[in-house]
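Written out below as structure tokens is the structure these notes cover.
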Amino acid sequence: MISRSKATAKIVLAHRLKKSKIDGKQAIQLRVIYNRKPKYYGLKCSVLEEDFQRIQYGKVRGDLRDLKIELQEIESKANAIIRELEPFSFPRFESRFFRPRGKQNNAIMYLQQEVKKAREEDRIGSMKTAECALKSIQRFSGKSMLSFEDITVTWLKSYQRDMEFRGNSPSTVGIYLRTLRVVFNKAIKDGVAAIDQYPFGRGKYEIPESRNVKKALKPEHLKKILEYEPALNSRESWARDMWLFMYLCNGINSKDMASLKYKNV
């Protein structure tokens, strides 16, 4: 049995009495029902009743197809917001649904800024991570504008499923989503996103953690590397020497090794 206290959202056509006297079109509205109380929100578009029926139940082309996609996105967004609101109230729904979508309210733009900042600060690893996260999230969203309101628990779960379907590990998913979480926090600090929109954390969406299984080389394997004799002056010889140097320096980081100078010897 469906709970009557659960809010629902649906795209509907305005009452027939509100037909335009000029062209006979009716306004399209978003209807939200909560505790049996309906509330209607105008969407600034209108169609003939027969065209609306075609949009709802049939196949359409051209402008009607574009309108159908737009209406589906609006209805999907409204229901996603409803699922995030606990408890639900019309004022809270309206503040989320009608929040202005300015140029700053764009997670894609924030990710681009993260890439630029890491590049300027010469943090190559962070830059590469942010670049990969940007490309992945932009591919999934399919657009250059992704508002922070759109990044809900449902959106994040869909993104994770899509990444896993494409063969990505939980570690990769976690790295990209932690980058997204960083820019979300920055948007809240900047006043671009609201704190009640924050979809991460316990009871909301929890970023998957990877199991970091550390594997150690056995003494016999180390002996094989130490005694191996690659071709003189070959790339293989160079790679073996670099590996041995890092090992004998108690596992020095490769970046730190590259920064060593003669005076450090």
Rounded if a/c is under 1.5, else prolate if a/b is larger than b/c, else oblate: which is segment 86-181, with a ≥ b ≥ c the root eigenvalues of its Cα gyration tensor? oblate
Listed residues Ala78, Ala130, Ala14; largest mean-square fluctuation, Gaussian network over the chain with Cα springs below 10 Å, found at Ala14
Could you work out [θ]222 nm for the chain from helices alone, using -39500 (n - 2.57) per DSSP H run of at least four and dividing by all its residues? Round to the nearest 500 deg cm²/dmol. -16000 deg cm²/dmol
Let me know the charge dipole size of the chain about its Cα centre in debye, to the nearest 20, where only the beta-carbon of Lys, Arg (+1) and Asp, Glu (-1) is charged. 880 debye
Counting all Cα-Cα pairs in segment 37-146, those more than 25 Å apart amount in percent to 46 percent
Using eta = 1.306 mPa s and T = 10 °C, Stokes-Einstein with Kirkwood Rh from Cα pairs puts D for segment 111-265, in µm² s⁻¹, at 83 µm²/s
Modelled label-to-label distance, Tyr41 and Arg161, 7 Å Cα→beta-carbon offset: nm? 2.4 nm
Tell me which of His15, Gln112, Leu134 sits at the most positive position along the dipole axis of segment 1-138, charges placed on C-beta atoms (Lys, Arg +1; Asp, Glu -1). His15
Post the alpha-carbon centroid distance, segment 79-96 to segment 7-37, in whole angstrom. 20 Å
Amide H proximity to Asn105 below 5 Å, modelled H, separation 5+ or other chain, gives none
Residue-count net charge about His221 - beta-carbon cut-off 14 Å; Lys, Arg +1, Asp, Glu -1: +3
Suppose every K and R has +1 on its Cβ and every D and E has -1 on its Cβ; what is the size of the dipole of segment 95-198 about the Cα centre, in Debye to the nearest 20? 120 debye
With +1 on the Cβ of every Lys and Arg and -1 on the Cβ of every Asp and Glu, the dipole magnitude of segment 1-130 about its Cα centre, in debye rounded to the nearest 20, is 480 debye
Span-like helix ranges in the chain, DSSP H, alpha carbon extent 24 angstrom or more, Kyte mean at least -0.5: 124-141, 170-189
Quick check on my link table: of Lys37/Lys135; Lys135/Lys189; Lys218/Lys255; Lys214/Lys255, which ones sit more than 31 Å apart, alpha carbon to alpha carbon? Lys37/Lys135
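Where a number appears in this text, it was derived from the coordinates with a stated rule and is not lab data. Just so it is clear, the structure is predicted and the values come from calculations on it, not from any experiment. Virtual Cβ from ideal backbone geometry, glycine too; neighbours counted across all protein chains shown.
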